[in-house]
Every structure is written in C-alpha cells, then in structure tokens.
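**Student:** I'd like to ask you about the structure that follows.
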Amino acid sequence: MESAQRTALQTYSRTAARSSRLVLGQYSTSFSLACRMLDAASAAHIANIYALVRLADEVVDGVASQAGLNPQDVGDCLDELQVQTAKALRCGYSTNLVVHAFAQTARHNAITSELTDPFFDSMRADLTIQHHNEQSLRDYIYGSAEVVGLMCLQVFRSMPAAPAENAQQAELLDNAARSLGAAFQKVNFLRDLAADSQQLHRVYFPNVDPEHFTESQKLALVAEINTDLAHARAGIPYLAPPAARAVLMAHEIFAQLNRQLAKVPAAQLLRRRISVSTPRKALIATRILVMRSHERTPAPAQEQQTGGTHAA
C-alpha cells in the first residue's frame, strides 16, 4: 500500500512538472533555450520556478480581469495563490499542479517563504501602485526579480557538480543572482514601456513620462542595465559548468536586447516592441554550446544588431 501511494505521488509530481514545462515553453523562448543547457533535473527545477512566477504575473497583468474579475477579485486570486504556495511549502502537496511542482523544487533546494513572500508582495504592488518612486521601485524589483534569481541560484547550488563556496564567493553569487534578476526586469520595463503605461496604466521608472520619454532617459537606463549585467556576469565562473552555460545564455540574450534598445530612438519604443530574433538567439546558443568550459567564457560579442518578431 505504501509503495502504491509513493507511486501515485510520483506520478502526480511528474505530471505537475510537465505542466510547468508547458508553461515555460508557451511563455518564454529565451528561458526555454537556457534550460536546455542544464541537466534534466535542474532544468525541471528552473521550469517549476518559472511557472509559478508566470502564473502569479498573469493574475495581475490582465488574465484575471479579462476573465471578468473585478479588482477586488483579482487581489483575492493572488492572495489565494500565495496561501496555496505557503501551504505547499509546508506539506509538499497542492491541488494546483504548478504550485505542487514549485513546492517540490522549493523543498528540494531549500527555497523558503523568505523568498516567496517578497515575490507575492511585489505582485500585489502591481494592483495598487501605478507610479513608483525610487524606494518602491527598489522594493518591487527585489521581490519580482531578484528573489527569483536567488531561487534559481539555490537550484544551481544543489547540482552535483556545484563548486564549494567560501563566504566571499557565496556573497558574490548572491549579489550576481540579484543583479541578473534586476537587469532582466529593467530590460522588460524599458522594452514594455508603452504597453505598461497604455494598457496596464503603470509607470515603473520614477520621473519618466512615457509620452515624453527622452533619448537621454533611455540611454541612462541602458547604462544602468549594463552595470547590472556586468555584476551578474562576475558570478558565472563560480557556477557548475551546466549552470554557467545556462546563465550565460540568458545573460547574453538580454544583453543583446539591451544593445538593440540602445539603438532604437526613444520615441519609437512607444510604437513598437523590440525583441531578439530567433536566428540571433540560435547564434548566441551556438556560441555558448561550443565552449569547452565556463572558465573560457568569452566576452560578450559586439554583434550587428537585428530585430525580430519573438519576445526575448
């Protein structure tokens, strides 16, 4: 009987993990490509993290309201998802397949409510804050993106080939993971400036009027993102080789996107969404795959910029 119960739970958990991979494949070609650099177990863990993050993000970014829910009901849905997640972290089970898969990953990799609670706080801010100030933006980016980087780092630290860390290296990796998450979030804010302001009525960058967005404001944000990306890259040599390749893959795609944003006039960002083309992503992936080890990670290529139709 006990063996049959374990088998039933294993079947359920495998099904939950497949649902997370489906979410990842549907919503992000970039992170799907990065996951291919990992071993199967680590890739599954990253997909489980991504799926929960995406699930919450969709609640606050329009899916619930398009289904006819009023703002109070949308907030209730987010609250319910947080309660489900907290319960699953404690007991290891949820009737929500995405939450169940995340809980399996979290319990295996020591991801706790210390990271999930700030995430849900930031998602809740999307329902209440339309114009951020400097402090609210820092809090938002920490909860919505930096903690996600720290969750992924926990997976990488659990890999069999993960190098041992001293205190200084552990701090460097934590800061690098946070910087990578922050860079990704700021790139998305910049790329989605029009949609966020016109459709969701949110302005993330303080002192920025999307209708009068200037070239100097854009270039200042591009430079800030480049600084975050440089800090993030400093942690890559301290990861296991598969994790280093995966992180570098995601890093280089967003670095490429930031270079493209730098070249597009500020006014055009309000009229079209910039993305990295599929051929460009394939080129980046090929460059990384042919590397023999992460110690030989090349400097980011200064390639000719091209646009595309697929989101980064």
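**Student:** Evaluate segment 38-49: report whether one residue or more is modelled with pLDDT of 95 or more, in contact with a Leu (Cβ under 7 Å, 6 or more places away or on another chain), in a helix (DSSP H, G or I) and not aliphatic (A, V, I, L, M).
**Tutor:** The answer is no, given that none of the residues of segment 38-49 is modelled with pLDDT of 95 or more, in contact with a Leu (Cβ under 7 Å, 6 or more places away or on another chain), in a helix (DSSP H, G or I) and not aliphatic (A, V, I, L, M).
**Student:** Scan segment 85-95 for residues that are surrounded by 19 or more Cβ atoms within 10 Å (Cβ to Cβ) and over 11 Å from Phe120 (Cβ atoms) and report the count.
**Tutor:** Adding up the residues that qualify gives 2.
**Student:** Within segment 282-305, identify whether any single residue is modelled with pLDDT under 90, among the β-branched types (Val, Ile, Thr) and assigned to a loop (DSSP other than H, G, I, E, B), and answer yes or no.
**Tutor:** yes
**Student:** Could you tell me whether segment 40-52 includes any residue that is without any contact (Cβ under 8 Å) to a residue 40 or more places away in the chain and at positive phi?
**Tutor:** no
**Student:** Yes or no: segment 99-112 includes at least one residue that is surrounded by fewer than 17 Cβ atoms within 10 Å (Cβ to Cβ) and charged (D, E, K, R). Please lay out each step first, then the result.
**Tutor:** At the first step, the residues of segment 99-112 found to be surrounded by fewer than 17 Cβ atoms within 10 Å (Cβ to Cβ) are 107-108, 110, 112.
Restricting the remaining residues to those that are charged (D, E, K, R) gives 107.
Yes, segment 99-112 has at least one match.
**Student:** Which pairs do you get when a residue that is at negative phi, found in segment 170-188, comes within reach of a residue that is acidic (Asp, Glu) and buried (at least 18 other Cβ atoms within 10 Å of the Cβ), reach meaning Cβ atoms under 7 angstrom, with the pair 6+ apart or on two chains?
**Tutor:** Sorted first by the residue in segment 170-188, then by its partner, the pairs are Arg178/Glu146; Ser179/Asp228; Gly181/Glu146; Ala182/Glu146; Ala182/Asp228; Ala183/Asp228; Lys186/Asp228.
**Student:** Which residues, taken from segment 62-81, are crowded, with 19+ Cβ neighbours inside 10 Å and within 25 Å of Ala44 (Cβ to Cβ)?
**Tutor:** Leu81
**Student:** Further question: All but one of (1) assigned to a helix (DSSP H, G or I); (2) of a type in the set (Val, Ile, Thr); (3) in contact (Cβ under 8 Å) with a residue 24 or more places away in the chain hold for Val63; state the number of the condition that does not hold.
**Tutor:** Here Val63 clears every test but (3).
**Student:** Residues of segment 13-31 being over 30 Å from Pro279 (Cα atoms) and either exposed (fewer than 14 other Cβ atoms within 10 Å of the Cβ) or of a type in the set (S, T, N, Q) (or both), which ones?
**Tutor:** Ser13, Arg14, Thr15
**Student:** In segment 108-135, how many are under 20 Å from the mean Cα position of the chain (by Cα) and either outside any helix (DSSP H, G or I) or free of Cβ contacts under 8 Å to residues at least 40 places away in the same chain (or both)?
**Tutor:** 15
**Student:** Going by the conditions given, is Thr15 modelled with pLDDT under 95 and not aliphatic (A, V, I, L, M)?
**Tutor:** Considered against the rule, which asks whether it is modelled with pLDDT under 95 and not aliphatic (A, V, I, L, M), Thr15 comes out as no.
The values are calculated or read from the model by the stated rules, or taken from the named source; none is laboratory data. Because the structure is predicted, anything quoted here is derived from the model rather than measured. Neighbour counts are summed over all protein chains in view; Cβ atoms, including those assigned to glycine, are modelled from backbone coordinates with ideal geometry.
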